[in-house]
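The values are calculated or read from the model by the stated rules, or taken from the named source; none is laboratory data. Keep in mind it's a predicted model, so treat the numbers as computed, not measured. Cβ coordinates were reconstructed from backbone atoms using ideal geometry, including for glycine residues, and neighbour counts include every protein chain displayed.
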Amino acid sequence: MYYSKLEIESIHYRIETLKDYYPEYKTELNSIIKHIEDNDANAALLKVRHVLEKSLKELWKSKNNTPTPSIFEILNDPNIRNLFSNNTINKIHGIRKTCNLGVHPERKYDITIEDVYTTTNLLFNYLNRYRIDFLKLTPIPITYEAPHGFIKYIRDSINSTFFIGVLFLNLIFIYTFIDYNSLFMVDHHVYEGAFNNKLFVAMYSVLLIILSCVFSWSIFRRFRQQSFSSRVISFELMFFFVFSFQYLFLSILDKYTRWF
């Protein structure tokens, strides 16, 4: 199965989320990420199996006083099976079977890093049900989807005339503020030199708008269901940051121009 770059990022995010909700498995989860980065599918699946074993052992201890048997035997125990739906049990078996292939490399099974991605997704789903059905806690938030790429973000944004209008108004504000800074009682030394050229001011204004879009996308890109109103708010927050920063930077820089 092919996983896109955004889907892989989503899987990494899910592993990071599990570390927050299951700190007792943090070592294994960190190892999974490391082995994925090293393209070591077998080692990653071994760590996935360790997490599965630890969680199932806790289940067994809560229901039985006898020594912990194998994963297969645990899953066949009626007391354990009754905790989960058949769908969840099937997912656990899917994890177990794939991990068994990964931990026996001498048998020459064709295990790839894509198998790790699939198994990790199953592990996330299982641990979520484990938290709900056994620990009786709130579910792990799984609203996260693979974030938009920047081009996708821009294409969606420009479909809204309202958003385009906001960009245009911000562009006009920057150009007017810089080119007619004396009207705003702004120290004229902040915008001098190249800023006396109206074409440069126009290009600089466009640059600030682009930077605001990039920062807005990089921070809020995970909210794929973001409405246009919230998208405008996130853009304006980033625009305020970018505009304020460039003004502060030029103000500070002006003090040292005498050195050059």
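So residue 9 clears everything in (1) acidic (Asp, Glu); (2) in contact with a helix residue (DSSP H, G or I) (Cβ under 6 Å, 6 or more places away or on another chain); (3) more than 20 Å from residue 100 (Cα to Cα) except one condition, right? Which one?
(2)
Regarding residue 40, is this residue more than 23 Å from residue 139 (Cβ to Cβ) and among the acidic types (Asp, Glu)?
Judged against the criteria, residue 40 is a match.
Condition check: modelled with pLDDT under 90 and either of a type in the set (D, E, K, R) or assigned to a helix (DSSP H, G or I) (or both). Does residue 209 satisfy that? Break it down stepwise before answering.
Working: modelled with pLDDT under 90: no; either of a type in the set (D, E, K, R) or assigned to a helix (DSSP H, G or I) (or both): yes.
For residue 209, the condition - modelled with pLDDT under 90 and either of a type in the set (D, E, K, R) or assigned to a helix (DSSP H, G or I) (or both) - is not met.
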